[in-house]
Amino acid sequence: MGFKILRSGITRRWVINIFTIVFVTICVLIVGGSLAVRGYYISSARQALINKAESDGAYFENLYAKETDLIESVRTYVENYAQKEKIELMVANSVGRVTLTSSGFASDTDYPEDVMAALASDTASFVGSNSYGENVIAVSRSVKAGDKVACVLRYVISMRGIQGRVLSVILMLSGFGILLLLACYFSGRYFVKSIINPLSTITETTKKIAQNDFSVRIDDKYRDEIGDLAHEINNMAAALGASEAMKNDFTSSISHELLTPLTAIRGWSETLSDPNMRSDDMIEKGMKVISAESARLSAMVSELLDFSRLQNGNMTLNMTKLDVVAELEETVLMFEERAKKNNISLILTAPETCSPVFGDAARVKQVFVNIIDNAIKYSQPDGGRIEINLFEKKDRVCIIIADNGIGISSEDLPKIKQKFFKGASSRPGSGIGLAIVTDIVNLHGGEFEIDSVPGNGTTVMVTFPIMQTALQDGE
Ligand code: ADP
């Protein structure tokens, strides 16, 4: 059941990392721990034997001093040795040969190496295996009768007890290690699951987003980094959805925009192809409509082309020394008739001339066209007033276009420069006019700001930097 999770990459990596570390640590602990315990028990057992040998040795040397038969006393002591179950006591003669044992059995060796060493230097010990292959600790102490060595007392214990203790330490540490590994496995499994489960939900959701389903959202229940990721993905899906909706809206509105003049052109061309309808008056009227609508069509198509060039960064600007006043006057003139028709007064206040701006005349004019076109389009239905002001401020030429039209809601205002965005109260249009304005003004190093009070009107400000004198002189 639970091992299915081990197949996932994160879990495998985690298991390899953590298990290796924990496993190596436990092995080191077991080896180090058992060596330390073994060493401790051996040295304390050896010390206990040394203490015993010292006190017994001193006792017998004392007896000798009191002129008692030393060898006989030793023999009696060994034969009645009280601790013989635990410790084997041996006696070796003055050349190191074992002559007596408390067990009654012969010694494993006639001349043990610790006895030989004790003959030379009072006390000596031995830790290792005896000739029967049994691990033992042995301590020998020579007992002196005056200047000479009378005998050597040898105490031997088996290390079986110590080995048993070391084994139980190894078992205890191994048990602890297994428990630790299990704890690591289960806690890690829980931890990894808490990452993998949300990750698979996120993967499923992003797959759907990739398949253009922008309505999907990840449950907002994780309060950690995964929650942040989920939140960002939800935001992304919402933004993609909004942009998709805007694009769809753009396609339908642009089709509609293109269809309207085409319908007029088609209608008039059909009318004029009917000989019964073809009067001079009709021809003149029809041709006027056809010409105006084709001009509108080509303006729309070139706006679309400009937009796509700006988006791709392929827009080439024909930069020259510009008289912005002249460009603005020409644009206002273009709109005069349309404004009059809509009962809108178009008032331009500008000096006769102003400092030159380094720019592309056609693009700068396009900026004015798009803004004034909006100002007319979004004027109140019963007419209005559009005031256009051009003036110089510091190193900039500023143009302010203020209408008293329907205005823009504060909700829409931050979005209106986005491509394809059309406000709630939008009139026929593509939604790219202000995006084009933004790009062109930026390409000229200028600024473009828009402010509006719903119901009261909109004020747009565009500034262009004045051409530097050095450049002007160079021309
Ligand atoms: P559109 O083709 O829709 O006019 P624009 O990019 O030119 O596209 O404008 C974006 C939106 O900004 C419009 O849909 C409209 O809601 C709003 N807008 C722009 N200019 C004005 C204005 N002068 N008055 C009111 N609303 C405006």
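The values are calculated or read from the model by the stated rules, or taken from the named source; none is laboratory data. Keep in mind it's a predicted model, so treat the numbers as computed, not measured. Note that each Cβ is placed from the backbone with ideal geometry, even for glycine, and that neighbours are counted across all protein chains shown. These area figures cover heavy atoms from the full protein model, side chains too; ligands, DNA and RNA do not enter into them. Shrake-Rupley method; radii C 1.70, N 1.55, O 1.52, S 1.80 Å.
Quick rundown of the values:
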item: Candidate lysines - alpha carbon under 18 Å from LYS84, same-chain residues fewer than 8 apart omitted; result: LYS52
item: Whichever aspartates and glutamates have a C-alpha closer than 16 Å to that of LYS144, once near sequence neighbours (fewer than 8 apart) are set aside; result: GLU54, ASP56, GLU61, GLU67, ASP69, GLU72, ASP122
item: Residue-wise HN-Hα coupling along region 221-228, computed from phi with Karplus coefficients 6.51, -1.76, 1.60 (Hz; x: Gly, Pro); result: 10, 8, 9, 8, 4, 5, x, 4
item: Nearby aspartates and glutamates by direct alpha-carbon distance to LYS341 (threshold 20 angstrom, same-chain neighbours under 8 apart not counted); result: GLU293, GLU329, GLU330, ASP373, ASP382, GLU387, ASP403
item: Convex hull volume per residue for region 170-220, taking Cα atoms only, in Å³; result: 52 Å³
item: Relative contact order (%) - criterion: Cα under 8 Å, at least six apart; region: the chain; result: 9 percent
item: For region 177-293, accessible area per residue (1.4 Å probe, heavy atoms of protein chains only), Å²; result: 66 Å²
item: LYS144 long-range amide H proximity, modeled H, under 5 Å; result: ALA150
item: Extension reserve of the ALA239-ARG338 stretch, reckoned as 0.36 nm per residue once the Cα distance is removed; result: 31.9 nm
item: Rounded accessible area per residue of region 324-475, 1.4 Å, Å²; result: 49 Å²
item: Simple spin-label estimate for MET287 and ALA424 in nanometres, 7 Å along Cα-Cβ; result: 4.9 nm
item: Three-way shape label, region 335-475, alpha-carbon gyration tensor, a/c 1.5; result: prolate
item: Rounded to 10°, Cα long-axis angle of helix 324-341 versus longest principal axis of the chain; result: 70 degrees
item: Whole-Hz couplings from phi, Karplus 6.51/-1.76/1.60, listed for region 400-409; x for Gly and Pro; result: 10, 10, 10, 10, 10, x, 6, x, 10, 5
item: Region 31-105 - percent relative contact order, Cα under 8 Å, separation 6 or more; result: 17 percent
item: Nearest 10 degrees, 0 to 90: helix 70-79 Cα axis against the chain principal axis; result: 60 degrees
item: Cα shape, region 377-425, gyration tensor, a/c 1.5 rule; result: oblate
item: Cα-Cα pairs of region 237-367 separated by more than 21 Å (percent); result: 64 percent
item: Estimated FRET transfer efficiency when R0 is 35 angstrom, pair LYS417-PHE191 (beta carbons, to 0.05); result: 0.15
item: Cβ-Cβ FRET estimate between SER158 and LEU35, R0 fixed at 22 Å, reported to 0.05; result: 0.65
item: Rg and Dmax of region 83-132, Cα atoms only, in Å; result: 10.8, 29
item: Across LYS208/LYS247; LYS285/LYS365; LYS247/LYS340; LYS285/LYS422; LYS394/LYS422, pairs whose alpha-carbon gap is larger than 27 Å; result: LYS285/LYS365; LYS247/LYS340; LYS285/LYS422; LYS394/LYS422
item: Label-point separation, GLU113 to ASP451 (7 Å along Cα→Cβ), nm; result: 10.3 nm
item: Per residue convex hull volume, Cα atoms of region 121-169, in Å³; result: 81 Å³
item: Whole-Hz couplings from phi, Karplus 6.51/-1.76/1.60, listed for region 438-453; x for Gly and Pro; result: 4, 5, 5, 4, 4, 4, 9, x, x, 10, 9, 10, 9, 9, 7, 10
item: Highest to lowest packing among 457-466, 415-424, scored as the average C-beta count within 10 Å; result: 457-466, 415-424
item: At R0 = 35 Å, FRET efficiency that the Cβ-Cβ distance of ASN212 and VAL301 yields, to 0.05; result: 0.80
item: Relative packing of peptides 355-361, 133-139, 168-174 - highest average C-beta neighbours within 10 Å first; result: 355-361, 133-139, 168-174
item: Sulfur and carbon atoms: percent of accessible area, the chain [1.4 Å]; result: 56 percent
item: Base-10 log of normalised Debye intensity for region 17-76 (one unit scatterer per alpha-carbon) at q = 0.22 Å⁻¹; result: -0.85
item: Paramagnetic reach from PHE105 (point 7 Å along Cα→Cβ, amide N under 18 Å) across region 133-162; result: 133-139, 154-162
item: Accessible area expressed per residue, region 1-139, with surrounding protein chains retained (probe 1.4 Å, Å²); result: 60 Å²
item: Approximate shape of region 76-222 as ellipsoid semi-axes (Cα gyration tensor, √5λ), whole Å, largest first; result: 75, 14, 11
item: Separation in nanometres of the label points that stand 7 Å from Cα toward Cβ, at ILE16 and ARG165; result: 4.3 nm
item: For region 1-147, the Rg and Dmax computed from alpha carbons only, in angstrom; result: 25.2, 87
item: Evaluated over the chain, the Cα radius of gyration and Dmax, each in Å; result: 52.6, 167
